[in-house]
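All remarks here apply to the structure that follows.
The values are calculated or read from the model by the stated rules, or taken from the named source; none is laboratory data. This structure is a prediction, so every number in the text was calculated from the model and none was measured. Note: ideal-geometry Cβ built from the backbone for every residue, glycine included; neighbour counts use all protein chains shown.
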Amino acid sequence: MKKIIANIFFKVSRWKIKIDGDSKSLDRCVLVVAPHTSNWDFILGILTYWKLGKKLKIIIKDSHTKAFYGKIVEKMGGIGINRAQKNDLVNFVASAFEKEDFSLVITPEGSRSWSPKWHLGFYYMARKAEVPIVLASGDYQKKEIQIGYTISVEKIEQEPLEVILVEIEDYFRNIQGKFPKNYNPQIYER
């Protein structure tokens, strides 16, 4: 049923999915999604995974899993986290990957508003869990979802963090979010 809903959406909306690389990398990865400037990014991401028949989990504010619609959010892969308290997300994520395969969706800007830099937890999660970082974006100008560009486990282990961040920054450089003024294309402070 999910795949049917996704297929209808993509046919009617004229959005396209462009897979950059091997879609098998989506079976087990930390999926970095940017720019994140609208709640529509969440909808596009869910529908993309439904269409591709892949399993995803999303770390979100726990207010979404505690709300009246919380069970729906959890069914769609939402994992509610209380941001007001300190969480050991790196080890939590590594432990989750020991139990099952999935894509963990991270929006490292941390907000749909402009952010001076990204939160780098995605890197540490991927490194600890020994899974690749896969990049994904929704380009609202082209009506295209790009997904699948992979930074391998080996590269994460061998390359300095700054090298990986420059590669990620270059990948997202020309992507047009829904609200472009809310996206900072410089993802880390030099």
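Would you point out the residue of the range 135-165, among those that are aliphatic (A, V, I, L, M) and more than 13 Å from TYR123 (Cβ to Cβ), that is surrounded by the most Cβ atoms within 10 Å (Cβ to Cβ)?
Within the range 135-165, the match that is surrounded by the most Cβ atoms within 10 Å (Cβ to Cβ) is ALA136.
Can you name the condition, by its number, that SER95 falls short on among (1) assigned to a strand (DSSP E or B); (2) under 23 Å from GLU130 (Cα atoms)?
Unmet condition: (1).
Could you tell me whether LYS117 is basic (Lys, Arg) and under 28 Å from LYS181 (Cα atoms)?
For LYS117, the condition - basic (Lys, Arg) and under 28 Å from LYS181 (Cα atoms) - is met.
Take ALA34 and tell me if it is surrounded by 14 or more Cβ atoms within 10 Å (Cβ to Cβ), touching a residue at least 40 places away in the same chain (Cβ under 8 Å), in contact with a Lys or Arg (Cβ under 9 Å, 6 or more places away or on another chain) and among the aliphatic types (A, V, I, L, M).
no
List, please: which pairs have Cβ atoms under 6 Å, are six or more places apart or on different chains, and start with a residue in the range 171-185 that is surrounded by fewer than 18 Cβ atoms within 10 Å (Cβ to Cβ) and end with one that is of a type in the set (S, T, N, Q) and modelled with pLDDT of 90 or more?
Partner pairs satisfying both residue conditions: GLN176/GLN141.
So which residues in the range 41-53 are touching a Phe, Trp or Tyr at 6+ places or on another chain (Cβ under 8 Å) and either of a type outside the set (A, V, I, L, M, F, W, C) or closer than 24 Å to ARG173 by Cβ (or both)?
Scanning the range 41-53 gives LEU44, LYS51.
Only one of LYS155, LYS142 is at pLDDT 90 or above, over 20 Å from PHE42 (Cα atoms) and not in a strand (DSSP E or B). Can you tell me which?
Numbers: LYS142 fails: over 20 Å from PHE42 (Cα atoms).
Result: LYS155 is the single residue among LYS155, LYS142 that is at pLDDT 90 or above, over 20 Å from PHE42 (Cα atoms) and not in a strand (DSSP E or B).
Is it the case, given these coordinates, that HIS64 is of a type outside the set (A, V, I, L, M) and under 29 Å from ASP170 (Cα atoms)?
So HIS64 does not fit the description; no.
Return the residue satisfying two criteria in turn: it lies in the range 48-104 and is modelled with pLDDT under 90 and among the acidic types (Asp, Glu), and of such residues it is surrounded by the fewest Cβ atoms within 10 Å (Cβ to Cβ).
Top of the filtered list is ASP88.
Only one residue in SER13, SER23 is of a type outside the set (Phe, Trp, Tyr), surrounded by fewer than 18 Cβ atoms within 10 Å (Cβ to Cβ) and touching a Leu at 6+ places or on another chain (Cβ under 7 Å). Which one? Reasoning before the result, please.
On the way: SER13 fails: touching a Leu at 6+ places or on another chain (Cβ under 7 Å).
Every option except SER23 fails the conditions.
Specify which of the listed residues (PRO35, PRO116) is at pLDDT 85 or above and more than 27 Å from GLU130 (Cβ to Cβ).
Working: PRO116 fails: at pLDDT 85 or above.
It is PRO35.
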